[in-house]
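Asker: Please find one structure pasted underneath; my questions will follow.
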Amino acid sequence: MKKIIIITAVIMTMVIIKAEGAFVDTYWGVRALGMGGAFTAVANDSNAPLYNIAGTANATQQEVTLMGSRLFTGLEGVEIGANYFGYIHPMSEEYGTISFAWSSISTPGLRREDTFNAGYARYLNDVMMIDREVVNISAGVNIKYLTQEVKFDEEDSDLANTKGAFTGDIGLLAQFNNGISVGYSSKYITSPDIGFVYEDKVSNVNVIGLSYYNEQLPVLKIPYFTIAMDILMRDGETSTRIGLETYVIEGKLAIRAGGREEAFDLGFGYEFTFANNTKLIIDYALELPMEVEETMGSHFVGLSFRFD
């Protein structure tokens, strides 16, 4: 059992989640990562299922996203990868939006975490009798299945090496007509136990997000400008994420920056438009960790397709 603890501790240290435990939402969605992960009040694309499920109600087209990454490149003997797939399907304003997502982070031969999500969101203005010219309010729920796999050594070969559990997320998003948005997301609401031998609960995470969007920022004249901030609360600790985004060249080229206590992020994206309003978006993000030396950072590449 000692080797189990050692393996887990090493991997957790490498991904810089310290004492926070397993299933920490840090490495998902290239656009969101480029903004330092401050995405709870932005949440308007296929990254939304893992940040704020309520945001999927904003979708006007079907969208699919694929992400691949290599974490902490340059560190000798470290091979950590994170992958993400997201799909959102708007049905109608009346019936809302359904979504499916999968995220995975792994160190080959040692440990792997996978999360499967099925979500639903819709606007609540008609139910609450609220004028959409003032504010759009949406809500959503995510059903999640978590599974982790650990490679044990021979002396512990009699132990099951996989463990799974169900849980869920809920989200709310209010988007005012002055460009201000406020979001709330509660993740892993049941704090499921994914321990192999001893209890190991995934902590509930509560996030409050605030963002401001303007098609042209006054004075500075920055086009399609967004500034966002997330405040995360987990296990009695609070952390903050901040992000910026702008689109130039007629809204085709995205430039992003952001950060949190552990890392600084930069991101870029470019949108290609084809016939029938089909769009291909290529995104890249670079994360530079503050607490890990001798690394060239973590690199994330994503492809997104939007279509009717």
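Asker: Say whether the condition of being closer than 23 Å to Thr40 by Cβ, more than 16 Å from the chain's Cα centre (by Cα) and modelled with pLDDT of 95 or more is met by at least one residue in region 294-307.
Answerer: To start, the set of residues in region 294-307 that are closer than 23 Å to Thr40 by Cβ comprises 298, 300, 302, 304, 306.
Then drop every residue that is not more than 16 Å from the chain's Cα centre (by Cα), which leaves 306.
If we keep only those that are modelled with pLDDT of 95 or more as well, we get 306.
Looking for residues that are closer than 23 Å to Thr40 by Cβ, more than 16 Å from the chain's Cα centre (by Cα) and modelled with pLDDT of 95 or more, one finds at least one in region 294-307, hence yes.
Residue-by-condition table, conditions (1) at negative phi; (2) buried (at least 20 other Cβ atoms within 10 Å of the Cβ); (3) touching a Ser or Thr at 6+ places or on another chain (Cβ under 6 Å):
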position: Met128; (1), (2), (3): yes, no, no
position: Val134; (1), (2), (3): yes, no, no
position: Asn142; (1), (2), (3): yes, yes, no
position: Tyr145; (1), (2), (3): yes, no, no
position: Lys163; (1), (2), (3): yes, no, no
position: Asn177; (1), (2), (3): yes, no, no
position: Lys201; (1), (2), (3): yes, no, yes
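Asker: A follow-up question, please. State whether one or more residues within region 100-113 are among the β-branched types (Val, Ile, Thr), modelled with pLDDT under 95 and buried (at least 17 other Cβ atoms within 10 Å of the Cβ). Before the answer, list the steps.
Answerer: Narrowing region 100-113 to residues among the β-branched types (Val, Ile, Thr): 105, 107.
Among the residues that remain, those that are also modelled with pLDDT under 95 are: 105, 107.
Filter once more, so that each one left must be buried (at least 17 other Cβ atoms within 10 Å of the Cβ): 105, 107.
The answer is yes, given that some residue of region 100-113 is among the β-branched types (Val, Ile, Thr), modelled with pLDDT under 95 and buried (at least 17 other Cβ atoms within 10 Å of the Cβ).
Asker: So, Arg122, is that one in contact (Cβ under 8 Å) with a residue 40 or more places away in the chain and of a type in the set (Lys, Arg) or not? I'd like the intermediate steps shown before the answer.
Answerer: On the way: in contact (Cβ under 8 Å) with a residue 40 or more places away in the chain: yes; of a type in the set (Lys, Arg): yes.
Yes: the conditions hold for Arg122.
Asker: Starting from residues that are without any contact (Cβ under 8 Å) to a residue 12 or more places away in the chain, part of a loop (DSSP other than H, G, I, E, B) and farther than 15 Å from Ile255 by Cβ, keep the ones in region 218-241 and report whichever is nearest to the chain's Cα centre (by Cα).
Answerer: Gly236
Asker: Quick one: is Met35 farther than 19 Å from Gly179 by Cβ and either free of Cβ contacts under 8 Å to residues at least 60 places away in the same chain or surrounded by 17 or more Cβ atoms within 10 Å (Cβ to Cβ) (or both)?
Answerer: On the way: farther than 19 Å from Gly179 by Cβ: no; either free of Cβ contacts under 8 Å to residues at least 60 places away in the same chain or surrounded by 17 or more Cβ atoms within 10 Å (Cβ to Cβ) (or both): yes.
Against the criterion (farther than 19 Å from Gly179 by Cβ and either free of Cβ contacts under 8 Å to residues at least 60 places away in the same chain or surrounded by 17 or more Cβ atoms within 10 Å (Cβ to Cβ) (or both)), Met35 does not qualify.
Asker: Among the residues of region 187-199, what is the count of those that are out of contact with any helix residue (DSSP H, G or I) (no Cβ under 9 Å at 6 or more places or on another chain) and either exposed (fewer than 15 other Cβ atoms within 10 Å of the Cβ) or modelled with pLDDT under 90 (or both)? Walk me through how you get there before you give the answer.
Answerer: From region 187-199, those out of contact with any helix residue (DSSP H, G or I) (no Cβ under 9 Å at 6 or more places or on another chain) are 188-195, 198-199; that's our starting set.
Those left that are additionally either exposed (fewer than 15 other Cβ atoms within 10 Å of the Cβ) or modelled with pLDDT under 90 (or both): 190-191, 193-195, 198-199.
Final tally of qualifying residues: 7.
Matching residues to (1) modelled with pLDDT of 95 or more; (2) assigned to a loop (DSSP other than H, G, I, E, B):
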residue	(1), (2)
Gly55	yes, no
Thr60	no, yes
Thr65	yes, no
Arg70	no, no
His89	yes, no
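Asker: Which residue out of Glu287, Glu271, Glu215, Glu293 is at negative phi and not in a strand (DSSP E or B)? Working first, answer last.
Answerer: Working: Glu287 fails: not in a strand (DSSP E or B); Glu271 fails: not in a strand (DSSP E or B); Glu215 fails: not in a strand (DSSP E or B).
The unique qualifying residue is Glu293.
Asker: Taking the condition of being within 26 Å of Phe307 (Cα to Cα) and either among the hydroxyl-bearing types (Ser, Thr, Tyr) or crowded, with 16+ Cβ neighbours inside 10 Å (or both), how many residues in region 67-81 meet it?
Answerer: At the first step, the residues of region 67-81 found to be within 26 Å of Phe307 (Cα to Cα) are 67-69.
When the remaining residues are screened for being either among the hydroxyl-bearing types (Ser, Thr, Tyr) or crowded, with 16+ Cβ neighbours inside 10 Å (or both), the result is 67, 69.
Total meeting the criteria: 2.
Asker: Please work out which residue is surrounded by the fewest Cβ atoms within 10 Å (Cβ to Cβ), limiting yourself to region 114-126 and to residues that are at pLDDT 90 or above and over 20 Å from the mean Cα position of the chain (by Cα).
Answerer: Across region 114-126, the extreme among qualifying residues is Asn125.
Asker: OK, next. Within region 186-198, identify whether any single residue is in contact (Cβ under 8 Å) with a residue 60 or more places away in the chain, among the polar types (S, T, N, Q) and touching a Lys or Arg at 6+ places or on another chain (Cβ under 6 Å), and answer yes or no. Spell out how you get there, then give the answer.
Answerer: Of the residues in region 186-198, the ones in contact (Cβ under 8 Å) with a residue 60 or more places away in the chain are 187-188, 194, 196-197.
Going one step further and asking which of them are among the polar types (S, T, N, Q), we end up with none.
No, every residue in region 186-198 fails to be in contact (Cβ under 8 Å) with a residue 60 or more places away in the chain, among the polar types (S, T, N, Q) and touching a Lys or Arg at 6+ places or on another chain (Cβ under 6 Å).
Asker: Kindly indicate the residue of region 194-216 that is among the aliphatic types (A, V, I, L, M) and touching a strand residue (DSSP E or B) at 6+ places or on another chain (Cβ under 8 Å) and also nearest to Glu237 (Cα to Cα) among those meeting that condition. Working first, answer last.
Answerer: Step one: filter region 194-216 for residues among the aliphatic types (A, V, I, L, M), giving 194, 197, 202, 205, 207-208, 210.
Filter again for touching a strand residue (DSSP E or B) at 6+ places or on another chain (Cβ under 8 Å), leaving 194, 202, 205, 207-208, 210.
Values: Ile194: 21, Val202: 15, Val205: 10, Val207: 12, Ile208: 14, Leu210: 19 Å.
Among them, the one singled out is Val205.
Asker: Residue by residue through region 106-129, note down the ones that are hydrophobic (A, V, I, L, M, F, W, C) and in contact with a Gly (Cβ under 7 Å, 6 or more places away or on another chain). Steps first, answer last, please.
Answerer: Here is the first cut: in region 106-129, the residues hydrophobic (A, V, I, L, M, F, W, C) are 110, 116, 118, 121, 124, 127-129.
The answer is Ala121, and nothing else.
The values are calculated or read from the model by the stated rules, or taken from the named source; none is laboratory data. This structure is a prediction, so every number in the text was calculated from the model and none was measured. All Cβ positions, glycine included, derive from the backbone under ideal geometry; neighbour counts span all protein chains shown.
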